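Let me begin by presenting the structure, written as structure tokens, before commenting on it.
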Amino acid sequence: MGSLLILSSMSLVILLLIWSYFQRVPLGDNPSTKASVSLPSPTAKLYIVDLGERRYEDPQLVIASHHDMLSAVLGSKEKARDSIVYSYKHCFSGFAATLTPSQARQIAELAEVISVSPSRTFPLHTTRSWDYLGLRYSHQQPTGLLEKGKEGDGIIIGVHVNGSFSYIGIWPESRSFNDDGYGPVPSRWKGTCEIGVEHPIRCNRKIIGARYYSKDADPSEVARDYDSPRDANGHGTHTASTAAGSLVSDASFHGLGAGTARGGAPRARLAIYKVCWGSGRCGEADVLQAIDDAVDDGVDILSLSIGGDGYLPASLGAVRSGMTVIFSGGNDGPVTQTLNNDVPWVITVAASTIDRSFPTVITLGDKQTVVVDAVNHNSVSPLYLCSDVNSVVHCSCSAEDIHSRYVVGKIVLCADSGPAGNFDDVLGILQGAKAAGVIFGRFPRSNLLPCERFICVLVDKDISIPVNALQLINHGWVTTGSSPVVKVSPALTSAGIPITSPRVAAFSSRGPSISYPDLVKPDITAPGVSILAAVEDSYEFMSGTSMACPHVSGVAALLKVVHPEWSPAAIKSALVTTAYTTDAYDFPVEAEAIPRKLADAFDYGGGHIDPNKAADPGLVYDIHPDDYCNYFPCTNHALSLPSDDIPGLGTSGVDNKRMYDLNLPSISIPDLKETPVTVGRTVTNVGDKKSKYKAVVRSPPGVNMVVEPSVLEFKASKQKLPFKVTFTSLHKVQGGFTFGSLTWVDDGGNHTVRIPIAVRVIIVDSFSDTS
């Protein structure tokens, strides 16, 4: 793998894997290839073959080696060329090919093959948020990291998008992608601009590249999408503009959240890679090809708001080439062990709130008022309570409970049946029944969902609300009259007022990692609730870890400008170790759940992102990219795990070494027993040439934690010093994870370098010793 190329002028390309609603001709090694794969037999399917590191620098030689290997199994070069859908030739060597199970098994038995596995599909995962993060303009001039990082000028960001939200391409005509004042496209950019067929796009000096892929997509999904990189739904445009949108004054959603919309690195360049189609399904083979192309195109920061398991080996190859890779963590919270994309070389992002609210006044028929937080810009009057207007029984808002002749033109009062209640389903039912709107009492989720031409007010059933609004509406006045009415006033915007923030959003997926419990994941949290950004030629609010991911990507772009010599691991360390865990009033950051709780490392990793402090972290925990190969298969000398698809067919496995020995800015020990565990770390001085740091230890409950040495004295910049942390259990119990931290503080108090600690004390590996 190539080493990181340091350039005096860098471009931040946003790699955007996106889904849409109409069709395209696929991108591949052969431009004339049809969009969908023609299967040679009923049992054939698309398999991904991982061959590890490239044996040749010339991509054409890599492709030829793939054809040679496959022709030995299929019988001819012609059959091999027809079978191969993608050749991965830049960040790793491998290919996606249409094979029968027996053919896949034959390939898996070859000595040079690391793994063969069926291609999978994965689902898809501002005016205020950047000011909230401290990246501000003063008298129209950038300040802090925004100034030091030259607003991302010269960096190329690549964005993949997925998760619970749909990401569908790019709308290049949006004002957020205006290229006024931009110089020529960086000469090192090697990518292309595929304009497409249906609703084609045009690139400019802001959006410098665009590709689209559908060879691993369901043809029925592709048929409902644009035949180009164009965004048909708005989510791809929203994410790209959050990371690197140009400055746009007077942006708002119907007057709400009004201000100047911009990305975190507003002078960065964007490259768009569309891989998700129709309902938001993203083919694994397409994603791997897009990452492989991004490496060769010249992307600096790879931002992927997309579900999955980290897309090994492509993401590892990208990091080994010098690219910083950032993933959304998923939207399946607040349940534990729901995290996506948990491999150690990427930055996995959780979502949290900002200090902005939208107070909406609900006026009842008896003139009582309730103030709730809702993105509502309409006002209507009749209210309908399910079953009987005089009843106080809450409506489930199921299809069986709603009949169009009763709710036409009315506002419906609904109650969430539990934490898994789905407002999207309710909304669809009510709109189909021609209701005028809905007041939906739900369990806390933080995200506010705007509705166009439909009144929707989401009322959290939360003890933080002084009066339970749903009960007040229901018991306080519905029973007092035969024709109850309600007025929902348009929302107002309040920002910067004393609102408890940040809070980890309820939907944000939580750790620990199921696959790698000796890692702390997610790594960090960033704004992801009610984020205003570009959608087509307007601006809308969206929520999700998909919105949080591009916030971190924009900051990473700025850091890359300020510190072009930093490795991906150093950038990750700077973000994690400078994150904060208390709010502006020194209260601990909370995590939305049922009930709400204090956030821990499996909610937000190191804490909430602090861009300006990340520019000057003092110390970093650096990792050479090849160190990951001690734990993950970079060559064919790797373990294999059984596959459920074909007995004996392997997918690449993880070595049995403990990953808490990686030099990560966190420590997780999932099985501390009676024998103490000692973990080593090394920090690199990136601050003052001469400095002294002292260890501040906060041991997890039930654990004794000792740091040796407890003082680190640096005599030069870039000097590395090792230390060890020993963990000893204080009780013989079969316990759960508890949390602590280790913070290095310099003598002047200018740098505090904190890493999160998670430890689980156990007696035996299983639940209980039954011997």
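The values are calculated or read from the model by the stated rules, or taken from the named source; none is laboratory data. Remember, predicted model here, so these are calculated numbers, not experimental data. Positions of Cβ are generated from backbone atoms using ideal geometry, with glycine treated the same way; all protein chains shown enter the neighbour counts.
Tabulated results
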| quantity | calculated |
| --- | --- |
| Residues of the range 680-723 satisfying the condition of being small (Gly, Ala, Ser) and either part of a loop (DSSP other than H, G, I, E, B) or out of contact with any Gly (no Cβ under 9 Å at 6 or more places or on another chain) (or both) | Gly680, Gly687, Ala695, Ser699, Gly702, Ser710, Ala716, Ser717 |
| Only one of Gly317, Gly322, Gly333 that is surrounded by fewer than 23 Cβ atoms within 10 Å (Cβ to Cβ) and either small (Gly, Ala, Ser) or within 21 Å of Arg510 (Cα to Cα) (or both) | Gly322 |
| When residues of the range 182-216 are limited to those that are closer than 29 Å to Pro527 by Cα and more than 26 Å from the chain's Cα centre (by Cα), the one modelled with the lowest pLDDT | Tyr182 |
| Inter-residue pairs, beta-carbon under 9 Å, first farther than 19 Å from Tyr226 by Cα and in the range 187-211, second surrounded by fewer than 18 Cβ atoms within 10 Å (Cβ to Cβ) and modelled with pLDDT of 95 or more, 6+ apart | Lys190/Asp296; Gly191/Asp296 |
| Pairs, first more than 17 Å from Ile156 (Cβ to Cβ) in the range 536-563, second surrounded by fewer than 24 Cβ atoms within 10 Å (Cβ to Cβ) and among the basic types (Lys, Arg), C-beta under 7 Å, six or more apart | none |
| Selection from the range 217-269 of residues that are under 23 Å from the mean Cα position of the chain (by Cα) and among the polar types (S, T, N, Q) | Asn233, Thr237, Thr239, Ser241, Thr242, Ser246 |
| Matching residues, the range 504-515, being buried (at least 20 other Cβ atoms within 10 Å of the Cβ) and either outside the structural domain of Gly255 (by TED's automatic domain parsing) or not basic (Lys, Arg) (or both) | Val504, Ala505, Ala506, Phe507, Ser508, Ser509, Gly511, Pro512, Ser513 |
| Test: residue in the range 710-718 that is crowded, with 18+ Cβ neighbours inside 10 Å and not assigned by TED's automatic domain parsing to the domain that holds Ala569 | yes |
| Output for the range 699-709, where each listed residue is surrounded by 14 or more Cβ atoms within 10 Å (Cβ to Cβ) and not polar (S, T, N, Q) | Pro700, Gly702, Val703, Met705, Val706, Val707 |
| Cβ-Cβ under 6 Å pairs, at least 6 apart or on other chains, the range 743-771 side at pLDDT 95 or above, far side of a type in the set (Lys, Arg) | Thr743/Arg754; Val745/Lys694 |
| Selected residue [surrounded by 24 or more Cβ atoms within 10 Å (Cβ to Cβ) and more than 23 Å from Gly245 (Cβ to Cβ)] from Ser573, Ser543 | Ser573 |
| Among residues of the range 100-122, those that are touching a helix residue (DSSP H, G or I) at 6+ places or on another chain (Cβ under 7 Å) and closer than 17 Å to Ser83 by Cα, counted | 5 |
| Selection within the range 589-601 - of a type outside the set (Lys, Arg) and either at pLDDT 95 or above or surrounded by 12 or more Cβ atoms within 10 Å (Cβ to Cβ) (or both) | Val589, Glu590, Ala591, Glu592, Ala593, Ile594, Leu598, Ala599, Asp600, Ala601 |
| Among residues of the range 217-231, those that are assigned to a loop (DSSP other than H, G, I, E, B), surrounded by 24 or more Cβ atoms within 10 Å (Cβ to Cβ) and modelled with pLDDT under 85, counted | 4 |
| Test: residue in the range 299-306 that is of a type outside the set (Asp, Glu) and at pLDDT below 90 | yes |
| Residue under evaluation Lys274, criteria (1) modelled with pLDDT under 85; (2) over 24 Å from Ile354 (Cα atoms); (3) in contact with a Pro (Cβ under 7 Å, 6 or more places away or on another chain), criterion not met | (1) |
| Output for the range 111-123, where each listed residue is more than 20 Å from the chain's Cα centre (by Cα) and either part of a strand (DSSP E or B) or modelled with pLDDT under 70 (or both) | Ser115, Val116, Ser117, Pro118 |
| Filter result (within 13 Å of Gly158 (Cα to Cα) and among the aliphatic types (A, V, I, L, M)) within the range 276-294 | Val287, Ala290, Ile291, Ala294 |
| Qualifying residue in the range 540-556 (condition: over 17 Å from the mean Cα position of the chain (by Cα), farther than 24 Å from Val759 by Cα and of a type in the set (D, E, K, R)) | yes |
| Number of positions in the range 124-140 that are modelled with pLDDT of 80 or more, part of a loop (DSSP other than H, G, I, E, B) and either on the phi > 0 side of the Ramachandran plot or more than 24 Å from the chain's Cα centre (by Cα) (or both) | 1 |
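Here is a yes/no grid of residues against (1) hydroxyl-bearing (Ser, Thr, Tyr); (2) within 17 Å of the chain's Cα centre (by Cα):
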position: Gly496; (1), (2): no, no
position: Thr500; (1), (2): yes, no
position: Ala506; (1), (2): no, yes
position: Gly511; (1), (2): no, yes
position: Asp518; (1), (2): no, no
position: Ile524; (1), (2): no, yes
position: Gly528; (1), (2): no, yes
position: Ala534; (1), (2): no, no
